[in-house]
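Peer 1: Have a look at this one before I ask anything.
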Amino acid sequence: MPVVARLIPVLLLVCSNVFMTTAWYWHLKFRDRPLFAVILISWTIAFFEYCLAVPANRMGSYVYSGAELKAIQEVITLSVFAVFSVAYLGQRLTINHALGFAFIALGAFFVFIGPIGQSAS
């Protein structure tokens, strides 16, 4: 399988997660805005996330299992959120955050190594 076939879905998922993280959290700096307006703006932003996530998952399904795609997406989501949280929200990441994210990444690792205790055929 060409490297590009494995890479394009991941890159699309990174881009889609930037949109989704923005859609979910941008408004935390604007708590004075009406909730209905925030929802409409967030839906608009999320539309672009779907325009990237759906093709990413469709293309990715040719090279990754569903579980692998979900694990990739979760690790990307946490990575994008960590950067967004610090850069946009101005919040500090603590060792507890890093440990929690690391355990989730460890879970993704186990998705990719395959069944434990079974020999390869």
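Peer 1: Please specify each residue of the range 65-113 satisfying the condition of being under 18 Å from Trp26 (Cβ atoms) and not in a helix (DSSP H, G or I).
Peer 2: Those that are under 18 Å from Trp26 (Cβ atoms) and not in a helix (DSSP H, G or I): Tyr88, Leu89, Gly90, Gln91.
Peer 1: Within the range 71-87, does at least one residue satisfy the condition of being loosely packed, with under 14 Cβ neighbours inside 10 Å and touching a residue at least 12 places away in the same chain (Cβ under 8 Å)?
Peer 2: no
Peer 1: Using the structure shown, decide if Ala46 is in a helix (DSSP H, G or I) and under 23 Å from Met1 (Cα atoms).
Peer 2: No, not satisfied.
Peer 1: Continuing with the same structure: Determine, yes or no, whether Leu7 is within 15 Å of Val54 (Cα to Cα), assigned to a helix (DSSP H, G or I) and under 19 Å from the mean Cα position of the chain (by Cα).
Peer 2: When the stated conditions are applied, Leu7 does not pass them.
Peer 1: Under 6 Å between Cβ atoms, at least 6 apart or on separate chains: pull out the pairs that start in the range 4-25 with a residue that is on the phi < 0 side of the Ramachandran plot and buried (at least 18 other Cβ atoms within 10 Å of the Cβ) and end on any residue that is of a type in the set (D, E, K, R) and in a helix (DSSP H, G or I).
Peer 2: Every condition considered, the pairs that remain are Ser16/Glu49; Phe19/Glu49; Met20/Glu49.
Taken together, the values in this text are just the output of simple stated rules run on the coordinates, not laboratory data. Note that the structure is predicted; figures quoted are calculated from it, not measured. No Cβ is skipped: glycine too gets one built from the backbone with ideal geometry, and neighbour counts run over all protein chains shown.
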